[in-house]
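Would you mind keeping the following structure in view while I ask a few things?
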Amino acid sequence: QMGFTSRGLSIGVIYSLILLISSEECLWIQKMTKRDVKMNVVGEGLHRNLLVSAHLESNERFVECRLLYSLRVPQGMYFDSDNVNSSLPNHAMYSRHYFDVEAPAKDSKEVQISIVSTRMKRKQFIITDHFSVPIHVRYHSPDAAGAATVHPPRLLIDCPADYRIHSLQHCPTASAKSVRSLAEKWVIIDPLTVSAPVTVSIPTGNRSMLPTVVTVTFAVVACSLLFLAKSLFIS
Ligand SMILES: *[C@@H]1O[C@H](CO)[C@@H](O)[C@H](O)[C@H]1NC(C)=O
């Protein structure tokens with residue numbers, strides 16, 4: 001009986017020790033009292049804007065940091081790889097994927113991209129950051145229900161100077177090949193508040209309208225030709 005109790009007790013002690021250690025693992029993130037990620041998609045039709053903002057607050061100064069947003073671009077959407085950087089004055093997009101802007105949704109796949117802030121934020125208690133970037137909706141087949149859902153990006157941070165001071169090696173990290181040249185590891189920030197995913201519905205061409213569209217187009221062309229011929233004959 002006694003044996004069981006003391007064994008139970010020591011297991012209990014070990015468990016609470018493990019809990020204590022793991023709760024102290026990444027104090028740096030726990031000290032951030034605000035960790036917000038907001039996202040929205042604005043505009044109408046096939047060409048829209050993706051708005052993203054982040055807000056971090058801590059009791060300790062951030063010495064030198066830059067943010068990375070890891071975004072999953074859904075199958076039904078794309079970025080213009082050639083021009084995306086020019087619409088991002090304070091950020092740069094990194095991806096090993098070149099978006100085929102012509103491909104319809106059914107021939108595309110979900111792609112993960114990274115958007116990184118190009119300026120280091122220095123000696124701040126608060127880090128706020130935001131960007132707006134054109135995002136486009138792919139053509140959907142006329143019969144399919146046209147919708148694409150974007151999830152808010154995952155937020156990661158690189159603070160080379162804070163690394164040594166705050167033993168960030170205990171923090172959960174991730175990386176992607178396309179951003180490895182910037183930093184080997186990026187600390188994952190678990191947001192306290194985050195926007196809901198946004199579903200964009202797309203007006204798809206309706207096939208039942210086709211005969212009407214064709215008839216009206218032909219009628220307009222025929223009338224214009226008649227009018228042209230008449231005015232030519234008269235003059
Ligand atoms: C954006 O700019 C960065 C930095 O100059 C570059 O490494 C990256 O490849 C560019 N992204 C695209 C999609 O062209």
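The values are calculated or read from the model by the stated rules, or taken from the named source; none is laboratory data. Just so you know, these numbers come straight off a predicted model, no measurement behind them. Here the Cβ is made from the backbone with ideal geometry for all residues, glycine too, and neighbour counts use every protein chain on show. Only protein heavy atoms, including side chains, enter the accessible area calculation; ligands, DNA and RNA are left aside. Shrake-Rupley method; radii C 1.70, N 1.55, O 1.52, S 1.80 Å.
Quick one: count up the residues across segment 126-159 that are part of a loop (DSSP other than H, G, I, E, B) and farther than 18 Å from Val84 by Cα.
Selection size over segment 126-159: 11.
Next question, about the same structure. Filter segment 120-161 for residues that are open to solvent by less than 80 Å² (accessible area, probe 1.4 Å) and aromatic (Phe, Trp, Tyr) and give the result.
Within segment 120-161, Phe131 is the sole residue that qualifies.
Quick check on Gln1: is it modelled with pLDDT of 85 or more, open to solvent by 50 Å² or more (accessible area, probe 1.4 Å) and over 12 Å from the mean Cα position of the chain (by Cα)?
It is false that Gln1 is modelled with pLDDT of 85 or more, open to solvent by 50 Å² or more (accessible area, probe 1.4 Å) and over 12 Å from the mean Cα position of the chain (by Cα).
Among the residues of segment 92-119, count how many are of a type in the set (S, T, N, Q) and either touching a Ser or Thr at 6+ places or on another chain (Cβ under 9 Å) or open to solvent by less than 10 Å² (accessible area, probe 1.4 Å) (or both).
So the count comes out to 4.
Only one residue in Ser117, Ser175 is at pLDDT 95 or above and among the small types (Gly, Ala, Ser). Which one?
Result of the check over Ser117, Ser175: Ser117.
Looking only at segment 92-140, count every residue that is in contact with a helix residue (DSSP H, G or I) (Cβ under 6 Å, 6 or more places away or on another chain) and away from the ligand (no atom under 16 Å from the Cβ) and tell me the total.
Qualifying residue count, segment 92-140: 2.
Separate question: Name, by its number, the condition in (1) within 13 Å of the ligand (Cβ to nearest atom); (2) touching a Phe, Trp or Tyr at 6+ places or on another chain (Cβ under 8 Å) that does not hold for Glu57.
In the conditions (1) within 13 Å of the ligand (Cβ to nearest atom); (2) touching a Phe, Trp or Tyr at 6+ places or on another chain (Cβ under 8 Å), Glu57 misses (1) alone.
I'm trying to understand the selection: among the residues of segment 23-43, which are modelled with pLDDT under 90 and over 20 Å from Tyr163 (Cβ atoms)?
Of everything in segment 23-43, just one residue is modelled with pLDDT under 90 and over 20 Å from Tyr163 (Cβ atoms), namely Ser23.
Looking at this structure, is Pro89 open to solvent by 10 Å² or more (accessible area, probe 1.4 Å) and more than 14 Å from the ligand (Cβ to nearest atom)?
In short, no.
In segment 59-87, which residues are in a loop (DSSP other than H, G, I, E, B), modelled with pLDDT of 95 or more and within 14 Å of the chain's Cα centre (by Cα)?
Matches in segment 59-87: Pro74, Phe79, Val84.
Being loosely packed, with under 13 Cβ neighbours inside 10 Å, within 16 Å of the ligand (Cβ to nearest atom) and among the hydrophobic types (A, V, I, L, M, F, W, C) is the filter here, so list the residues in segment 162-201 that pass it.
Result: no residue meets the conditions.
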